[in-house]
Amino acid sequence: MLEPIGRKSLSDSVYEQILARIVEGGIEPGEALPSERALCEMLQVNRGALREA
C-alpha cells in the first residue's frame, strides 16, 4: 500500500538549515545570528517564514 508523501513547511526547512549551520560549526557558541534581513537574503525566504522558524 502506498503511503502519503510528507511535505515540509518552508519554516521547517529554514529551521533545519539554521540548525545544521550551528551544528556544523558555521556559527560558534555565543555568536549572534546574522540579522533577520541577512538571513532572509541568504536563505531566499520571506520574513514570515524566517520568524516562524
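What follows draws every value from the coordinates through simple rules; no lab data is involved. Remember, it's a predicted structure, so these values are computed and weren't measured experimentally. Counting neighbours? That spans all protein chains shown, and the Cβs are built from the backbone with ideal geometry, glycine included.
Ellipticity at 222 nm from helices only: DSSP H runs of n ≥ 4 in the chain, each -39500 (n - 2.57), divided by the residue count, give -15000 deg cm²/dmol.
Each Cα pair under 8 Å and six or more residues apart adds its sequence gap; the mean of these over the residue count of the chain is a relative contact order of 46 percent.
For the chain, the Cα gyration tensor yields ellipsoid semi-axes of 25, 15, 7 Å (square root of five times each eigenvalue, largest first, whole Å).
For the chain, applying the loop criterion from DSSP together with a ceiling of 16 other beta carbons within 10 Å to the trypsin sites (Lys or Arg not before Pro) yields Arg7, Lys8.
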